[in-house]
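The values are calculated or read from the model by the stated rules, or taken from the named source; none is laboratory data. Here the structure is a predicted model, which is why all the values come from computation and not from measurement. Here Cβ is always computed from backbone atoms with ideal geometry, including for glycine, and neighbour counts include all displayed protein chains. Each accessible area value is taken on the protein alone, full model and side chains, heavy atoms only, with ligands, DNA and RNA left out. Shrake-Rupley method; radii C 1.70, N 1.55, O 1.52, S 1.80 Å.
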Amino acid sequence: MLSTTSPGITVSRETQERLEKFANLFLKWSAKINLVAPSTTEQLWSRHISDSLQLRNISPLPGRWIDLGSGGGFPGIIMAIVLAETEDGWVDLVESNHKKCSFLRMAITETGGRGSVHPLRIEDAAKNLPAPDCISARALAELDLLFDYARPWAEKNDKLKMLFHKGRDYQTEIDKARGRWDFDLIKHQSVVEEDSVILEITSLTRRV
């Protein structure tokens with residue numbers, strides 16, 4: 001049985017049930033700590049959960065993920081929930097805020113998501129985590145800085161894929177990043193927000 005969370009995004013009944021558990025937990029915790037901007041909490045499914053689920057269609061194969069600045073669990077926990085159905089793959093969630101780490105650990109326990117939480121500064125994560133197949137980040141930093149974060153892993157895995165949610169000013173970020181970096185880029189139009197995209201980055205190298 002399939003359940004539709006948003007136009008163009010369909011999940012199994014089992015995944016839908018896991019997502020509903022996560023949503024209920026998220027709302028309880030967000031009343032106590034700031035997991036996302038309070039003004040967007042009422043749009044939890046469309047603004048955050050469905051938006052995160054788009055990554056499944058862009059990178060459908062299980063593998064090792066690193067989610068940077070996981071915060072309220074988007075997209076890291078959502079992908080960990082998706083992987084629970086495949087019984088393969090893993091998500092390493094990197095978050096320096098210890099209260100948010102507590103929430104993320106509880107979310108994984110409650111939903112059975114395939115992931116683990118690492119209370120680390122992003123700058124230190126590459127020293128502690130092996131090179132993944134994919135890196136994701138949402139509402140974290142400009143593209144140029146995200147590349148600085150990803151560079152240590154990109155140097156270890158020349159097939160590394162990066163998936164970054166970006167809003168309406170994404171082209172400005174791309175142009176700025178081109179000044180320091182060479183990379184291949186595919187722009188995926190968001191099916192959730194008209195003026196947003198998901199940038200798929202591969203072959204990242206720093207210009208000398």
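Output ³J(HN,Hα) for region 50-65: one whole-Hz value per residue in order, computed from phi by the Karplus curve 6.51 cos²θ - 1.76 cosθ + 1.60 with θ = phi - 60°, and x for Gly and Pro.
Working through the residues one at a time gives 4, 4, 5, 4, 4, 5, 4, 6, 7, 10, x, 7, x, x, 8, 10 Hz.
Within the set of other residues whose C-beta is less than 12 Å from the C-beta of residue 176, count the net charge using Lys and Arg as +1 and Asp and Glu as -1.
Net charge around residue 176: -3.
Find the relative contact order for region 1-143 and round it to a whole percent, using C-alpha pairs within less than 8 Å whose residues are 6+ positions apart. Don't skip to the end; give the middle numbers.
Details: 225 pairs, mean separation 34.7, N = 143.
The normalised contact order for region 1-143 reaches 24 percent.
Kirkwood Rh, the chain, all Cα pairs: how many Å?
Kirkwood hydrodynamic radius for the chain: 17.1 Å.
Using a probe of 1.4 angstrom, how much of the accessible area of the chain is carbon and sulfur, in percent?
Here carbon and sulfur together make up 48 percent of the probe-accessible area.
Just need the relative contact order of region 63-208 here, percent rounded to a whole number, with Cα pairs under 8 Å and 6+ apart.
21
Could you sort out which of 28/99; 166/187; 100/161; 32/100 sit more than 18 Å apart by Cα distance in this structure?
100/161
So for 11, 191, what's the accessible-area order with a 1.4 Å probe, most first?
191, 11
Which three numbers, in whole Å and largest first, are the semi-axes of the equivalent ellipsoid of region 61-120 derived from its Cα gyration tensor as √(5λ)?
18, 12, 8
Cα to Cα, under 17 Å, and not fewer than 8 places away if on the same chain: which aspartates and glutamates meet these conditions relative to residue 127?
Partners within reach: 67, 92, 95, 148, 155.
Compute and list, largest first, the equivalent-ellipsoid semi-axes of region 50-161 from the alpha carbon gyration tensor, each √(5λ) rounded to a whole angstrom.
Details: eigenvalues 76, 56, 32 Å².
One finds semi-axes of 20, 17, 13 Å for region 50-161.
If amide H atoms are built 1.01 Å from N in the plane of the peptide, which residues on other chains or at least 5 residues away come under 5 Å of the amide H of residue 96?
120
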